[in-house]
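One structure is given here, and the rest of the page talks about it.
The values are calculated or read from the model by the stated rules, or taken from the named source; none is laboratory data. Remember, predicted model here, so these are calculated numbers, not experimental data. A quick note on method: Cβ atoms are made from the backbone with ideal geometry, for glycine too, and the neighbour counts reach across all protein chains shown.
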Amino acid sequence: MRHFFLMLSLVSQVVTAQECLVLTPDVLPMGYSRFAVDLESTPVETLPVVFHVVHTGLGDANNISDEQIESQVDVLNETFLDSKIQFCMASRTPGGVPTNGITRFDGGVWSSYLEDGVAQGSPNGIEDATLKASVGCWNPDEYINIYVVSEINGNNGGSGTQGYAYLGPTGDCRDGIVALYNTVGNVGELKQGRDLGYTVVHEVGHYLSLYHTFYNSNDCEESNCETQGDRVCDTPPGLASNGCSNTCPDINGSNYMDYSSQNCKIEFTEGQACRMHESLQGPRSALVVSPACLPVVAYDMTPSTAYYQEQWCTPYQDIWVEVINQGVQTIPFVDVTLYCNGLEYLETLFDVAPGGYSVFFEQVYIEDAQMFEVQTASIDDYPDNDYASWPLETVVGDLFKLYADIDTWSNEHSWMLLDSNGDIVMDDDYGFNEDGLYYYEACVFDDCYTFVAEDYAGDGFCTADFGEEGCDIGSDGYLAMINQETIISMPFGFEFEEFSQDFCNTLPACELDYDGNGSIGNGDILVMLSEWACDFACQTDPNNDGIVNVRDLLYMLFNVGECDIEIEDDFSVGTYIDLVADEGINLGGRKPRVFDILGREIDTPFEQLATGVYILKWKNKTKKVFVQ
């Protein structure tokens, strides 16, 4: 059996033959036993799809949203409609468990994947077969497995190979489609020139046995359409298109299997549709009868995905949770509860039809928590998947905040924040023309950083300058801050083509040393008092309860001293660290003083304390303990 392997490459100049890699492990002439397909009488076939998102971290851009994936299925259904082929997200796993047809796998377990993504015909990255086997392909006879990856052959998600697929079944986990995350769908994390979802359309064409329109062609002449070009007689043989033009007069770049620009592509021909149905009636016939699209139960609500930063440096974080009704009936109401640090956050959805929903939990208290949990409660025929949890880690760092006020020509702008190793901390480019105000945040540590901004038109944030007296129409540009200090200021009308600024961040020696003088004292208390009554994203909230008040003042007073004070881990409810204090503990040679969380001293013996969080003070040491 011959397996052809094709890779689609992003090009800006004339396409050459080297841009398509063809692998032929076993030989099967693609003039396999053909079926007489009459497209007019052929029924519409619906094929099940499962997406495996292989990301580099839960909060990374390549961990694309359910919405972006679902938009790709919409694109497939639109582009294959005239070919009488449709697609559905799998509703059940190979084991018969309800699913939304999306799996997620942290490729960060492989250093080679973090560095270069997946490798195919290249030493750069994790080998294709290893990735697919580790992620866990679903029965390739009954599911179209689509692997969404961060990069291919070390291309950093940019130019070069955009996706690839085998031409015809392989009989093992190699059978499937691989695509860069920023080419999937038509909403979400996309790059310019690849934002219509046609990369996956092209690869599905290969998967269903379509060649490139220019395959095996060296000129514009046709001798035998059964063996020349893509072996489909209503697509003229020729060379690959550049943009929407072609050196062959009968080719206009409109075919999805050409290398033309995405805006040119509008069709599969009738002959190509027949060839795809020949594949579905032959080697891929199991797809047509697969039960994967049939829901398992009438009612099934499950938490699916969480969007947040696993490592974070502030006590609070906004968390979005995707929940999915995987059944076929509308659920009257669903309670979605998030648990973290012993606190509960409840949101209720009403009239929940089948499909996915995003639930927003604002300012969840996460400090020192090792995880957060989500539980759904509703009418449910499959309660086994009503619960999910995600890991958390509190790290010591400062919050870098960037405010971006972009003018009308936003597609001219791009920026990135780099650490001292040259790794991207965060970045964005605006693939649209629309003004707006955007906010970004990231944790920065004891390190030096570089902020780089580009505007390819060279006018920066100035939309119009009618004279020589400065910008008349524009936007307020970029403003970056750490704590209350301005780090980067590119003000109204600031004109630039390339901008770069270096800065270094230094963390204080201890967490309560707000003025950075090496000790905890009056200066730090004054800094804290400057935020008195702050109740949102406070920078000086010593006890991390979300508001600066008298409790924080007491907490600061307990910790006055040099910065060698040992302020140990907060063993509070929700961290799942079991620490039980008793009178037998020798803390510095004398009995410690005990205070409740309000700062009131307590004389009650340890063994008689009620369950809760207490502050222990002895000599120059302070410790918060959870007594149970």
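Could you identify the single residue in VAL288, VAL323, VAL296 that is hydrophobic (A, V, I, L, M, F, W, C), crowded, with 20+ Cβ neighbours inside 10 Å and either over 21 Å from the mean Cα position of the chain (by Cα) or not assigned by TED's automatic domain parsing to the domain that holds ALA61 (or both)?
VAL323
Looking at the range 213-231, is at least one residue outside any loop (DSSP other than H, G, I, E, B), without any contact (Cβ under 8 Å) to a residue 40 or more places away in the chain and surrounded by fewer than 23 Cβ atoms within 10 Å (Cβ to Cβ)?
no
All but one of (1) over 16 Å from HIS52 (Cβ atoms); (2) touching a residue at least 60 places away in the same chain (Cβ under 8 Å) hold for ASN153; which doesn't?
Failing condition for ASN153: (2).
I'm trying to understand the selection: among the residues of the range 255-282, which are surrounded by fewer than 19 Cβ atoms within 10 Å (Cβ to Cβ), in contact (Cβ under 8 Å) with a residue 40 or more places away in the chain and in a loop (DSSP other than H, G, I, E, B)?
Within the range 255-282, SER261, GLY282 qualify.
Between a first residue in the range 363-387 that is more than 29 Å from CYS534 (Cβ to Cβ) and a second residue that is part of a helix (DSSP H, G or I) and modelled with pLDDT under 95, which pairs have beta carbons less than 9 Å apart while being 6 or more apart in sequence or on different chains?
Correct list of pairs: THR376/ASN385.
If I ask for residues that are acidic (Asp, Glu), buried (at least 16 other Cβ atoms within 10 Å of the Cβ) and farther than 30 Å from PRO295 by Cα, which ones from the range 86-122 would you list?
ASP116
Taking the stated definitions as given, is GLU189 under 20 Å from GLY121 (Cβ atoms), within 20 Å of the chain's Cα centre (by Cα) and among the acidic types (Asp, Glu)?
no
Against the definition (over 22 Å from the mean Cα position of the chain (by Cα) and surrounded by fewer than 18 Cβ atoms within 10 Å (Cβ to Cβ)), how does ALA388 come out, yes or no?
So ALA388 fails the test.
Counting residues that are surrounded by 12 or more Cβ atoms within 10 Å (Cβ to Cβ), modelled with pLDDT of 90 or more and touching a Cys at 6+ places or on another chain (Cβ under 9 Å), which strands (runs of 3 or more DSSP E) fully inside the range 419-485 reach at least 1?
Here the list reads 424-429, 436-444, 447-455.
With respect to TYR181, determine if the residue is among the aromatic types (Phe, Trp, Tyr) and modelled with pLDDT of 95 or more.
When the stated conditions are applied, TYR181 passes them.
Of all the residues that make up the range 39-70, how many are assigned to a loop (DSSP other than H, G, I, E, B), out of contact with any Asp or Glu (no Cβ under 8 Å at 6 or more places or on another chain) and surrounded by fewer than 20 Cβ atoms within 10 Å (Cβ to Cβ)?
The number of residues fulfilling the criteria is 6.
Between residues in the range 531-542 that are buried (at least 17 other Cβ atoms within 10 Å of the Cβ) and residues that are of a type in the set (Val, Ile, Thr), which pairs lie under 6 Å by C-beta distance while being six or more apart or on different chains?
GLU531/THR540; GLU531/VAL548; CYS534/VAL548; CYS538/VAL548; THR540/VAL527; ASP541/VAL548
Only one of these conditions is not met by ILE69: (1) within 17 Å of VAL149 (Cβ to Cβ); (2) among the β-branched types (Val, Ile, Thr); (3) touching a helix residue (DSSP H, G or I) at 6+ places or on another chain (Cβ under 8 Å). Which number is it?
If we test ILE69 against (1) within 17 Å of VAL149 (Cβ to Cβ); (2) among the β-branched types (Val, Ile, Thr); (3) touching a helix residue (DSSP H, G or I) at 6+ places or on another chain (Cβ under 8 Å), just (3) comes out false.
Please specify each residue of the range 39-95 satisfying the condition of being of a type in the set (Gly, Ala, Ser), closer than 27 Å to THR269 by Cα and either at pLDDT 95 or above or in contact with a Leu (Cβ under 9 Å, 6 or more places away or on another chain) (or both).
Those that are of a type in the set (Gly, Ala, Ser), closer than 27 Å to THR269 by Cα and either at pLDDT 95 or above or in contact with a Leu (Cβ under 9 Å, 6 or more places away or on another chain) (or both): SER71, SER83.
Return the residues of the range 118-154 that are of a type in the set (S, T, N, Q) and over 16 Å from ALA179 (Cβ atoms); say none if nothing qualifies.
Within the range 118-154, SER122, ASN124, THR130, SER134, ASN139 meet the criteria.
Is there a residue being closer than 26 Å to THR540 by Cα and of a type in the set (S, T, N, Q) anywhere in the range 409-428?
No - not one qualifying residue is present in the range 409-428.
Taking into account only those residues within the range 402-418 that are in a strand (DSSP E or B) and small (Gly, Ala, Ser), which is farthest from the chain's Cα centre (by Cα)?
Result: ALA404.
Just give me the residues in the range 175-189 being in a loop (DSSP other than H, G, I, E, B), crowded, with 21+ Cβ neighbours inside 10 Å and not acidic (Asp, Glu), in sequence order.
GLY176, VAL184, GLY185
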